[in-house]
Amino acid sequence: MTLRTRFLVMVLLIACTATAQKIEPATNVTAIGFSTDRLKRIDDQMNDWAKKGWVSGTVGLVIRNGKIVYYKAAGYNDIAGKQAMKKDDIFRIASQTKAITSVAVMMLYEEGKFLLDDPISQYIPAYASETVLDKFNEADSSYTTVPAKRQATIRDLLTHTSGIGYAQIGSKEANAIYAKNNITAGLDVSGDKLADAMNRLGKLPLMHQPGEKFTYGLNVDVLGDLVEIWSGMSLEDFFRTRIFEPLGMNDTWFNLPASKAARLVNMYSEDSTGTLQKLTGEALGGHIDYPLRKKTYFSGGAGLSSTAYDYAVFLQMMLNGGIYNGKRILSRNTVRIMTMNQIGDVPFGNDKFGLGFSVVTEKGSGTNPSQVGTFSWGGAFKTSYWVDPKEKMVIVFYRQLLNTSHGELADKFKVMAYSALND
């Protein structure tokens, strides 16, 4: 072996070892390529947003090369009581659950449980005779259908192109049809079983022909049911034993333990005057305290609560190519296909969608600082994340709001994080 070859092998080994390391605080942010002055802009803005009443409180986290360069909280968990927001407070992450369910699905894909283009009906027979909504009567929610041109597949579920809509927060047609059949968004469900609900869903019409459009819907709740079928475990148990415990994600739960209940962040929403009011009752189809209410119905699309740090660990695993702290969750090629365009020419704004994530394209990268290939999503209660493989960055920005006229703050946080790069 030549000296050059030995050197290259050593570099490769070091690189592979680095990707398995845990997230750690940066001892010197300038060495990671960040400007301390520019990072301070984030402090100033997050505090200003809270002072103006645009948010109750926020948590922001920026990681590069596995090193934490920014991790702070601002504002309040309780505005009236002046209770400060803390970095390790636990947020309802809603649709950020989807990425974790998608990873669970792909773990089972790697075990040979299914292929991506298998029809759903191969595993849940209720989806064998799918129809597509044709005409809908708003007066009585009656409708007519036409046959589906083909059966929806597992890939269709992962890309939200199956034609399945959302209950309670979807289109007027989906809301009405699903309500008549006791199909919910899944956040606070009692007296029902996930398998039973997903079976009822399979007999209802699709909102469009499979593969022809992107329609955000209950696709990942169906995937959660499939994880239970393929693994023989509840989604809660699969997440805990196969993902959370290996990664050390001790603050991510469907059923938040009593010992962690005090860390659950209060939910706020703007009233008609734009003033933030704490919510204490129903919101988004369930009671606002749903993380604390014991459940056995696990929504793969929306049910989890977590911290910014825990979720960043999950994202760092993805950025590392499926491995974290020596624990391999996915192979690097599975991560590759999850974070590339999987919807072809199906319209999705300036970007595309992979298997569980939106993915920035060349056109999309021209509208914001994210590099091509950045993958991201967020949750209905105003939590957001981005992973940029080219910059080796993970960005997490959490709020806990139902309604807000300042939805742009997440993108502003992202811009400031990128703008602090100084290399």
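Tabulated results
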| item | result |
| --- | --- |
| Val396, sole failed condition from (1) farther than 22 Å from Val103 by Cβ; (2) in a strand (DSSP E or B); (3) of a type in the set (A, V, I, L, M, F, W, C) | (1) |
| Search result, residues across region 405-423 that are in a loop (DSSP other than H, G, I, E, B) and buried (at least 18 other Cβ atoms within 10 Å of the Cβ) | Ala420 |
| Residue check, Leu223 in the same structural domain as Asn403 (by TED's automatic domain parsing), within 18 Å of the chain's Cα centre (by Cα), of a type in the set (A, V, I, L, M) and surrounded by 15 or more Cβ atoms within 10 Å (Cβ to Cβ) | no |
| Single match in Glu138, Glu110 (criterion: surrounded by fewer than 18 Cβ atoms within 10 Å (Cβ to Cβ), of a type in the set (D, E, K, R) and closer than 30 Å to Asn333 by Cβ) | Glu110 |
| Matching residues, region 88-119, being more than 16 Å from Phe298 (Cβ to Cβ) and in a loop (DSSP other than H, G, I, E, B) | Asp88, Asp89, Glu111, Gly112, Lys113, Phe114, Leu115, Leu116, Asp117, Asp118 |
| Test: residue in region 250-270 that is among the charged types (D, E, K, R), at pLDDT 95 or above and crowded, with 19+ Cβ neighbours inside 10 Å | yes |
| Condition broken by Lys260, with the remaining ones in (1) outside the structural domain of Gln83 (by TED's automatic domain parsing); (2) of a type in the set (D, E, K, R); (3) touching a residue at least 12 places away in the same chain (Cβ under 8 Å) satisfied | (1) |
| Matching residues, region 347-362, being free of Cβ contacts under 8 Å to residues at least 60 places away in the same chain and in contact with a strand residue (DSSP E or B) (Cβ under 7 Å, 6 or more places away or on another chain) | Asp351, Lys352, Ser358, Val359, Thr361 |
| Wholly enclosed helices (runs of 4 or more DSSP H) of region 279-388 bearing at least 3 residues modelled with pLDDT of 95 or more and under 18 Å from the mean Cα position of the chain (by Cα) | 308-319, 332-338 |
| Residues satisfying the stated conditions in region 176-194, i.e. more than 28 Å from Trp253 (Cβ to Cβ) and crowded, with 17+ Cβ neighbours inside 10 Å | Ala176, Ile177 |
| Residues of region 65-93 that turn out to be in contact with a Phe, Trp or Tyr (Cβ under 7 Å, 6 or more places away or on another chain), closer than 19 Å to Val313 by Cβ and surrounded by 18 or more Cβ atoms within 10 Å (Cβ to Cβ), as a count | 4 |
| Close pairs from region 105-127: first of a type outside the set (D, E, K, R), partner exposed (fewer than 14 other Cβ atoms within 10 Å of the Cβ) and assigned to a loop (DSSP other than H, G, I, E, B), Cβ under 6 Å, at least 6 apart | Ser121/Ala128; Ala126/Lys203 |
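The values are calculated or read from the model by the stated rules, or taken from the named source; none is laboratory data. Worth saying up front: this structure is predicted, and the values here are computed from it rather than measured. Note: ideal-geometry Cβ built from the backbone for every residue, glycine included; neighbour counts use all protein chains shown.
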